[in-house]
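What follows is calculated from the coordinates using simple rules that are stated; it is not laboratory data. The shown structure was predicted, so the numbers you read here are calculated from the model rather than taken from an experiment. Don't worry about glycine lacking a Cβ; one is built from the backbone with ideal geometry, like all the others, and counts go over all protein chains shown.
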Amino acid sequence: MTDSTSPAPSHKNNSVGTQNSQSDDTVIAQMCTLIDAIKTHNYAYYVLDNPKLEDSEYDQLRLSLIELEEAYPDLIQPDSPTNQVGDIPLSAFTQVVHDIPMLSLGNVFEYDDLREFMRRVNDRLSDAQQNPEYEMELKLDGLAVSLKYERGQLVQAVTRGDGRVGEDITQNTKTIRNLPLYLTDAKDLSLLEVRGEVLMPKAGFERLNRLAEENGEKVFANPRNAAAGSLRQLDPAVAASRPLAFYAYSVNQGLPETIDTQSVALAWLKDIGFSVSAVEVVDSPRAAQAYYESIIETRDELPFEIDGTVIKVNSLGLQQQLGFLSREPRWATAYKFPAETVMTRLNTIEWQVGRTGQLTPVGKLEPVKVGGVTVSNVTLHNFGEIQRLDVRAGDMVSVHRAGDVIPKVTRVWTDQRPEDSEPVTLPTNCPVCDSPVVLPDDEALARCTGGLFCPAQQQEALIHFVSRRAMDIDGLGERWLISFFEHGLVKTVADIYELHNHRDDLITYEKLGEKSVQNIIDAIEASKKTTLPRFIYALGIRGVGEGTAQNFAQQFGDLDSLMNADMEALIETPDVGTITAELTYEFFRAQHNIEVIDKLIKAGVHWDNVEQVAAGDLPLDGQTWVITGALDSMARDEAKAKLQALGAKVVGSVSAKTTALLAGDKAGSKLTKAEKLGVKVVSEDEFLGLVKS
């Protein structure tokens with residue numbers, strides 16, 4: 001994982017003691033590779049302010065080295081970075097030796113790790129001191145800085161550096177707007193040393209990058225880089241122009257003797273003029289977990305980036321008693337958020353065939369936890385994406401997942417690629433039906449030409465048809481559909497409405513009793529009453545999503561008019577381009593599709609025709625809406641359909657271009673953002689009045 005462009009010094013393979021066995025040599029080689037990578041990335045992160053890795057990926061490197069060193073303590077290399085903090089300071093600034101070293105924090109990532117940390121604390125305390133209080137605060141993602149005040153006057157600001165020696169950035173730090181240069185309430189203290197984090201709030205970071213883009217300048221990768229880069233400008237005027245903020249998190253020298261806890265110390269810092277992060281005092285692992293989870297839920301609403309929480313023994317006396325390891329305190333740790341980007345090995349690449357014949361490559365991963373869930377598969381989207389990433393079976397890859405976002409490969413570590421790896425080639429034939437695979441010129445999407453002859457496409461068409469946003473046949477899930485398909489009970493979507501004739505066969509299926517079969521039959525019967533947009537979408541016409549189906553229904557009013565429409569009429573539909581129009585035209589000219597539609601209608605599938613209204617006459621034409629929270633009167637999908645019927649475009653995120661936000665119960669960050677941007681917020685009652693008018 002080393003970056004050849006970095007000036008970090010190369011590690012030499014020096015062992016401790018005499019190593020004769022091949023296994024020892026292998027372990028040492030692994031240690032050396034990890035040490036080189038960690039040193040390179042330390043230099044990029046701490047010195048150049050240009051990290052090449054996500055924090056979670058860096059944590060993985062360190063953890064891998066620590067695990068090796070714990071398993072083979074006799075083979076620990078003399079220059080291992082596991083006992084070091086940060087990296088060498090920049091030579092452009094005066095170097096300052098810290099009176100008290102600025103150490104890093106250890107990390108925990110799960111509840112069990114948190115409980116283990118607290119157990120270790122208890123092991124070092126007497127019976128009377130067991131289960132102490134803990135103070136929790138936000139883990140700010142910025143640049144650690146130590147400030148010295150003499151008689152209330154700021155006299156020095158120093159970066160962490162390597163933990164022992166940092167850089168004097170006093171003049172740049174004085175430009176930070178929320179940093180007090182003089183502390184009236186500390187004027188009697190000969191020396192006060194306050195430590196904290198310099199960061200760049202999200203809004204300021206976005207403005208800075210936007211301005212840089214407009215001026216054709218380099219943009220920053222993240223707010224942490226922007227803050228560090230701003231403080232390391234040789235011209236203080238540059239730092240003064242940047243939107244920086246300082247948040248204090250500890251007092252290392254000069255704290256009044258009457259203060260004996262971390263929480264009171266932070267309250268005192270706030271009283272004398274410093275900004276501090278949110279603070280919570282807890283007395284058990286469960287209480288700590290509850291605070292941690294509450295912060296995860298609200299982190300997007302914070303004005304600055306955080307990557308976890310910090311938990312500290314609250315008693316300053318117990319902190320002193322517990323002491324330190326070589327690079328971190330025993331009385332504190334960082335409880336990091338679930339990693340959103342992690343490294344793992346991509347073992348193989350398989351090809352799946354969708355309902356429209358598209359071949360999608362799927363990477364089979366060495367299972368890894370990312371974003372709070374264990375991931376073993378990741379989509380590679382299409383053959384063009386494989387070529388862009390140059391990803392191959394056997395590669396080490398970075399996998400990213402945030403919130404409910406589908407995991408994706410964001411980086412391939414070619415320096416760790418197996419020597420025998422081969423580039424991925426596109427299959428010439430469908431892996432399911434053996435029909436030829438085509439990849440049109442200038443396209444990235446390969447397709448099976450088998451059509452409904454291909455079992456994979458038949459199955460996917462069935463699954464799509466019964467899905468919630470299509471015909472919404474509750475209880476008839478993918479598992480049963482595939483089983484019915486394999487046993488010949490259903491071949492096309494029309495066969496679903498004949499399943500009531502196979503009641504006796506269905507009851508014989510394992511885990512499908514008489515009640516479950518009746519529930520399925522009832523759900524199929526209930527689905528016969530639908531809407532024209534849902535039916536059009538359920539047909540699975542390539543390129544026709546929910547929005548296009550809604551537009552077709554609004555444009556033509558009934559199915560016959562849509563089926564008989566020529567290309568010119570189809571293209572006149574709002575938001576329908578030539579390709580979608582061609583695909584729709586061809587779909588309704590295929591005899592087997594017409595036969596299936598006829599069978600569905602004869603089986604009783606029906607809907608009300610849609611009143612045609614010219615696009616410009618729709619009350620919400622040209623407006624963009626967002627829906628958030630839970631609605632009492634209808635599902636959000638139904639609300640979306642009603643908005644689209646009125647001409648609105650419904651999207652998933654709030655921006656300055658949003659016309660209105662429909663806010664139901666328990667609306668969260670979208671509501672907060674809408675209020676900040678001045679976007680109109682519509683209640684459910686107001687919305688119901690709108691759709692009824």
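Worth pointing out:
- Report note on the peptides 231-243, 415-427: ranked by the mean count of other C-beta atoms within 10 Å, highest first, their order is 231-243, 415-427.
- Kyte-Doolittle mean at least -0.5, axial Cα span of 27 Å or more - DSSP H helices of the chain: 22-42
- Cut-off 18 Å, label 7 Å out along Cα→Cβ of ARG469, residues of the range 527-571 by amide N: 531-554
- For the chain, Cys with no neighbouring Cys Cβ under 4.7 Å: CYS32
- For a straight C-alpha distance cut-off of 16 angstrom, the lysines reachable from LYS649 (same-chain residues fewer than eight places away being disregarded) are LYS640, LYS657, LYS680.
- At an R0 of 60 angstrom, the distance between the Cβ atoms of LYS174 and GLU568 translates into a FRET efficiency of 0.30.
- Once the Cβ-Cβ distance of LYS369 and GLU638 is raised to the sixth power relative to R0 = 41 Å, the FRET efficiency obtained is 0.70.
- Among residues other than GLU582 with Cβ under 11 Å from its Cβ, the summed charge is +1 (Lys and Arg +1, Asp and Glu -1).
- Highest mean packing first, where packing is the average number of other Cβ atoms within 10 Å per residue, the peptides 333-340, 126-133, 265-272, 223-230 line up as 223-230, 333-340, 265-272, 126-133.
- Calculated [222 nm] ellipticity per residue, helices only, for the chain: -10000 deg cm²/dmol; basis is -39500 (n - 2.57) per DSSP H run with n ≥ 4, divided by all residues, nearest 500.
- Interchain or long-range residues, amide H under 5 Å from LYS139's placed H: ASP307, GLY308, THR309, VAL310
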